[in-house]
4 protein chains.
Amino acid sequence: MKIPKKIAILTSGGDAPGMNAAIRAVVRACTYYNLESVGIYRGFEGLIEGDFKELDARSVKNIINRGGTFLKSSRSEEFRTEEGRKKAFNNLQNENIDALVVIGGDGTFAGASVFIKEFNFPIVGLPGTIDNDINGTDYTIGYDTALNTVVEAIDKIRDTANSHNRLFLVEVMGRDAGDIALNAGIGAGAEEILIPEQNMGRERLLESLSRSKKSGKTSSIVVVSEGDQIGKNIFGLAKYIEENLKEYEVKVTVLGHIQRGGSPSCYDRVLASRLGVGAVDALLRGETNVMIGIIHNKVTSVPFSEAIKGNNEIDEDLIRVADIISI
Amino acid sequence: MKIPKKIAILTSGGDAPGMNAAIRAVVRACTYYNLESVGIYRGFEGLIEGDFKELDARSVKNIINRGGTFLKSSRSEEFRTEEGRKKAFNNLQNENIDALVVIGGDGTFAGASVFIKEFNFPIVGLPGTIDNDINGTDYTIGYDTALNTVVEAIDKIRDTANSHNRLFLVEVMGRDAGDIALNAGIGAGAEEILIPEQNMGRERLLESLSRSKKSGKTSSIVVVSEGDQIGKNIFGLAKYIEENLKEYEVKVTVLGHIQRGGSPSCYDRVLASRLGVGAVDALLRGETNVMIGIIHNKVTSVPFSEAIKGNNEIDEDLIRVADIISI
Amino acid sequence: MKIPKKIAILTSGGDAPGMNAAIRAVVRACTYYNLESVGIYRGFEGLIEGDFKELDARSVKNIINRGGTFLKSSRSEEFRTEEGRKKAFNNLQNENIDALVVIGGDGTFAGASVFIKEFNFPIVGLPGTIDNDINGTDYTIGYDTALNTVVEAIDKIRDTANSHNRLFLVEVMGRDAGDIALNAGIGAGAEEILIPEQNMGRERLLESLSRSKKSGKTSSIVVVSEGDQIGKNIFGLAKYIEENLKEYEVKVTVLGHIQRGGSPSCYDRVLASRLGVGAVDALLRGETNVMIGIIHNKVTSVPFSEAIKGNNEIDEDLIRVADIISI
Amino acid sequence: MKIPKKIAILTSGGDAPGMNAAIRAVVRACTYYNLESVGIYRGFEGLIEGDFKELDARSVKNIINRGGTFLKSSRSEEFRTEEGRKKAFNNLQNENIDALVVIGGDGTFAGASVFIKEFNFPIVGLPGTIDNDINGTDYTIGYDTALNTVVEAIDKIRDTANSHNRLFLVEVMGRDAGDIALNAGIGAGAEEILIPEQNMGRERLLESLSRSKKSGKTSSIVVVSEGDQIGKNIFGLAKYIEENLKEYEVKVTVLGHIQRGGSPSCYDRVLASRLGVGAVDALLRGETNVMIGIIHNKVTSVPFSEAIKGNNEIDEDLIRVADIISI
């Protein structure tokens, strides 16, 4: 094993709050260990096009508090081709880069895995996505911030819901994972939470809303995960409820891209800092083809092949708590 | 003129941040002047149904910072009927209420005006709406808070826009008034702002986006007022842009009801406090059929008939500034 | 063991964001299990004075998002006396209360323990304090919110620090625990972090500041834990630095009580909800004299005697990360 | 009069949120009018040292939402000397700069005035200070943001005040002007507000606190302006109250420098944008030795000599409203 002297970093896929904090930590860990560091713009696309820039400890100042990623991100079609990856490898060789840190989600790690196999080039990954749908880490970078963004938005919507005795359907992100919906739903005091891991069905939702109306609730928030089957047509769901529960005026809000942005929470900044340092540590130990995650508050590493299996388990205790406290 | 001894207050129409601060100010001004005060729940509906509650200075503590209206609001069909209004009048008589303060928008004032004419009952109004579309006041209660909510949301969206070189269309509220779109658009650094008072047309928008792309902009935010003609079908607009400006990936976010809620800004709290006190002052001076507003930082009153004319003038200087700073 | 039918709840000691969410969860869990619930105002003081109120599921609506504790809190001298505790016990008997949930910190648990021993009355506790200084739980209720409050405040201070090339000393809470300082310091990108668990000494701080100045840093934030020895006289520390590092203008900010308030973060709301349900679950299982905490994301219980030992261990990996990323 | 071709801009004195938005507007207005623009770092100090940088429309992207000033600020001793100012003038000549925009407070304008007299060099100013203590403008850039920061901080403190039945003294900025204290005090629902323009005296404060305690208030917030006589020793004031009003536990919070930072409010961003464009407009009209302000929502200009007179008038109606609503 050759110890790396020059490490490159890129962000790929959907952006997430805390990516800048992670980049900063990687760069500063390089400085700390007397390694050179290089930023690659626009993810794998910039890797193929050679859009590189030397970074040092001062290049990453005053970014820990900023959402998005200053290295920008993209989804690259060309990186799916052998030719694209070959170009990418040549660029790394020409710049004397010995190892790569990629921040992104399962698509990013899958791409990296192919590249490692082809070129035996050391890569470690960091889980950067608001969806918390990665295996091998308790939290992904950006998830905690997204939860706070959703809860703050629903707090605002509840002001109106309370003032008018209305029912609001609020669609939140998360792809196939219900983590954002379930946790933000509990945090926002939602009456019902629709997640892809369960299949409540429209009838049970109606019954439940009807019951909570009778128990004296005058307004309601239903949080709907974008991946949930009955939530996928949220405007249709609103119509269905209005037709079947006459007493309610139903409104829909799709929270959308505000969930991906914003200044990261303290948790995400600390997590990103720990994982960024952990990535450099792992490369120095000779690790490759792994994602650095956090399990039980310890930095750990897991093969990419494990990470991309996804995390579709939902905490049964959380579902039980959600049921109890929305009574 | 009979000096009122007991004043009732209600909130009507869409809720707006600062309504609670206004209620608090009315109630405390009553206490200050040794008048009794009564809260009426659910606007004109509660007025018809006799849903009244005595309030004193302590009843309104710890509400100045809360969005929505604790008296709740509604749109009442029954108040549009003579019979409904007759019931309302009887309730006021039975409770020995001498005067009424209504907080709402033009619909609220129109209803109040009819009632005054029929029963010669003293009513003054306060402009409570995020839309800033009322004549006779420089600011409506809730407008400043809504501007901050929109700007904070777009700041988050810009994180993603910047990270991905995308174009975002962001729809904001305001009914027929472009005030929210224009001011929040400037505040959020939008590249283009579509408001109902202008009629940019799709072609000019395309040209402008194309120009700004050439000038080196890699991402763009277009703020679209819900009342704007070409914005009314915002998803259609997105498709049109994607078809005609290939280089852009276009995303749509409809901000929706988060704009109506939230803890009021300092400006809205102070404004609501001044106008609430001003309403009681006006009733004590024997005024009726007027809205209390703020013009050039002075509390003032204007007949309801003037207020409901709406405010469709847009500040030409602001449009010029928007053009210049989005260069 | 007798299964409780009526459970009381109180908050004691310093308030923390999320206490309301915890109260709500206890009350709703009682409703869920068909138990009665009673709120006790002003902690042990209200327990002694019989300041009780029946609560049901609707009594705790719209409080999950509010800081502080609507049951109010206090530190009770009288509860330290046998006579005071005897009164308290009689009140519980008279109201047919079978068990008690107390939310607070180590002082609260110590008091509860004495009471349990004297009267064999079932009590479980929840860790409610921003300081995260309780043994037997990874997180205390309110801690995550306080971290975000501190980080947001320092983000603002950094705007000024950057604009003027200044050094700011920022004092944060935490009593004898450095958790807030260390985590918020990392999150805020602090150059140095002074915590009671380490003993940096003034000389090492000077050296370090001097070094970071030479490495090109033009402004600095030093986060100082209120429990740190050299930080205890923070104005004296400022003077010492100014005298020894001429190039710096040093400013001090003591963040103070803003750290205890504010709308709880999503994490704190979910944690409080889980622990609140967990407290009722534990009482139904016959547990007493224990605190309900969270370890490795599982709700768990630990004897009060363990909890009050305090948590003075600091994560060595975090200290290492802090050193690396502030390079 | 010579029409300027190249305009420089600097920020001076204490920083304020919105300064970046103002710089951006000046630079983009220059682009719009085909003028060159130059940024001067660190205020008059950088002017003397020749710390200049060419700016174009893209140099100022993504700064409208950031607190502080990216051009940095300072207080320059050397600019008070003839020699310093001579160097400054030479630098401007050497760079072919025709006119200057300075953003700051009264000290900045006073310095600019002297420079104009000596070298007949065109300068216009923009009011950038959170204190709102400048004559000739209804609002200074940064003031509205500071009000929101203060109100949000006191909302948090009130959580604790309510939970514990405490009295909090909260010191806010504003130098000799009570604008921040009075408006934020009203907005935060303070029981008493101490401002330098009034002189309440300790005895009247005591009486008033005593009265509000009797009227059923269980907690209190007193907002104290840093310039107020009896507030100047705020810890002494706390002791005085505790000694004379036994029932209260009194706590002090000095909000400090968080008030100067933070992302600007929508109002401040729009104001800064309008004034920044207005500054370039004024220079193109041949104006000099004036400050651009906003009066009754119109951009206007006023001689520096007027602006620096300060604005010590306090709105009597606001004081009356504060008295009424704190009943």
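Quick look at the numbers
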{"item": "Flag if C:Ala29 is assigned to a strand (DSSP E or B), touching a residue at least 12 places away in the same chain (Cβ under 8 Å) and either touching a Pro at 6+ places or on another chain (Cβ under 9 Å) or crowded, with 24+ Cβ neighbours inside 10 Å (or both)", "result": "no"}
{"item": "Extreme residue, modelled with the lowest pLDDT, among residues of the stretch B:1-12 that are surrounded by fewer than 24 Cβ atoms within 10 Å (Cβ to Cβ) and in a loop (DSSP other than H, G, I, E, B)", "result": "B:Met1"}
{"item": "Test: residue in the stretch B:269-281 that is without any contact (Cβ under 8 Å) to a residue 12 or more places away in the chain, in the same structural domain as B:Asn120 (by the TED database) and either of a type outside the set (A, V, I, L, M, F, W, C) or within 28 Å of B:Phe70 (Cβ to Cβ) (or both)", "result": "yes"}
{"item": "Positions within the stretch A:294-323 being touching a helix residue (DSSP H, G or I) at 6+ places or on another chain (Cβ under 7 Å) and crowded, with 19+ Cβ neighbours inside 10 Å, in sequence order", "result": "A:Ile294, A:Val299, A:Ser301, A:Phe304, A:Ala307, A:Ile308, A:Leu318, A:Val321, A:Ala322"}
{"item": "D:Ser301, sole failed condition from (1) closer than 29 Å to B:Ile186 by Cα; (2) within 14 Å of chain C (Cβ to nearest Cβ)", "result": "(2)"}
{"item": "Top-ranked residue of the stretch A:37-62 - restricted to ones that are buried (at least 19 other Cβ atoms within 10 Å of the Cβ) and either among the β-branched types (Val, Ile, Thr) or more than 23 Å from the chain's Cα centre (by Cα) (or both), ranked as nearest to B:Glu152 (Cα to Cα)", "result": "A:Val60"}
{"item": "Qualifying residue in the stretch B:91-98 (condition: within 28 Å of B:Thr137 (Cβ to Cβ) and either free of Cβ contacts under 8 Å to residues at least 60 places away in the same chain or small (Gly, Ala, Ser) (or both))", "result": "no"}
{"item": "Among (1) modelled with pLDDT of 95 or more; (2) part of a helix (DSSP H, G or I); (3) under 30 Å from A:Arg75 (Cα atoms) - the single one B:Arg211 does not satisfy", "result": "(1)"}
{"item": "Qualifying position, being surrounded by fewer than 21 Cβ atoms within 10 Å (Cβ to Cβ) and out of contact with any Pro (no Cβ under 6 Å at 6 or more places or on another chain), among C:Gly261, C:Gly185, C:Gly236", "result": "C:Gly236"}
{"item": "Sole exception among (1) surrounded by fewer than 17 Cβ atoms within 10 Å (Cβ to Cβ); (2) modelled with pLDDT of 95 or more for A:Asn289, by number", "result": "(1)"}
{"item": "Odd one out for D:Asp144, checked against (1) closer than 21 Å to D:Arg269 by Cβ; (2) of a type in the set (D, E, K, R); (3) at pLDDT below 95", "result": "(3)"}
{"item": "Every residue from the stretch D:184-195 that is in a loop (DSSP other than H, G, I, E, B) and without any contact (Cβ under 8 Å) to a residue 60 or more places away in the chain", "result": "D:Ala188"}
{"item": "Unique residue being in contact (Cβ under 8 Å) with a residue 24 or more places away in the chain, polar (S, T, N, Q) and at positive phi when the list is C:Asn199, C:Asn289, C:Asn244", "result": "C:Asn289"}
{"item": "Any hit, the stretch A:211-222, residues being among the hydrophobic types (A, V, I, L, M, F, W, C), crowded, with 24+ Cβ neighbours inside 10 Å and touching a Gly at 6+ places or on another chain (Cβ under 6 Å)", "result": "no"}
{"item": "Output for the stretch D:293-316, where each listed residue is among the charged types (D, E, K, R) and at pLDDT below 95", "result": "D:Lys309, D:Glu313, D:Asp315, D:Glu316"}
{"item": "Elements of type helices (runs of 4 or more DSSP H) contained in the stretch C:71-178, each with 3 or more residues being surrounded by 24 or more Cβ atoms within 10 Å (Cβ to Cβ) and assigned by the TED database to the domain that holds C:Thr218", "result": "C:143-164"}
{"item": "In the stretch A:41-70, the residues that are part of a strand (DSSP E or B) and within 14 Å of another protein chain (Cβ to nearest Cβ)", "result": "A:Leu55"}
{"item": "Hey, A:Asn233 at positive phi and of a type in the set (S, T, N, Q) or not", "result": "no"}
{"item": "Failed item in (1) assigned to a helix (DSSP H, G or I); (2) within 25 Å of the chain's Cα centre (by Cα), with B:Lys232 passing the rest", "result": "(1)"}
{"item": "Matching entry among D:Asp281, D:Asp317 (being among the acidic types (Asp, Glu) and over 29 Å from B:Ala322 (Cα atoms))", "result": "D:Asp317"}
{"item": "Selection count, the stretch C:176-214, where residues are within 14 Å of chain A (Cβ to nearest Cβ), of a type in the set (A, V, I, L, M) and closer than 23 Å to C:Glu242 by Cβ", "result": "4"}
{"item": "Lone qualifier among C:Asn148, C:Asn132 - being in contact (Cβ under 8 Å) with a residue 12 or more places away in the chain, in contact with a Ser or Thr (Cβ under 6 Å, 6 or more places away or on another chain) and within 14 Å of chain D (Cβ to nearest Cβ)", "result": "C:Asn148"}
{"item": "Elements of type helices (runs of 4 or more DSSP H) contained in the stretch A:262-327, each with 1 or more residues being among the small types (Gly, Ala, Ser) and farther than 30 Å from C:Val280 by Cβ", "result": "A:266-284, A:304-307"}
{"item": "Output for the stretch B:176-202, where each listed residue is touching a helix residue (DSSP H, G or I) at 6+ places or on another chain (Cβ under 9 Å) and farther than 22 Å from B:Ala153 by Cα", "result": "B:Glu197, B:Gln198, B:Met200, B:Arg202"}
{"item": "Residue in the stretch D:243-276 that is nearest to the other protein chains (Cβ to nearest Cβ), counting only those that are over 16 Å from the mean Cα position of the chain (by Cα) and under 26 Å from C:Leu255 (Cβ atoms)", "result": "D:Thr253"}
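The values are calculated or read from the model by the stated rules, or taken from the named source; none is laboratory data. Here the structure is a predicted model, which is why all the values come from computation and not from measurement. So basically every Cβ, Gly included, is an ideal-geometry build from the backbone, and we count neighbours across all protein chains shown.
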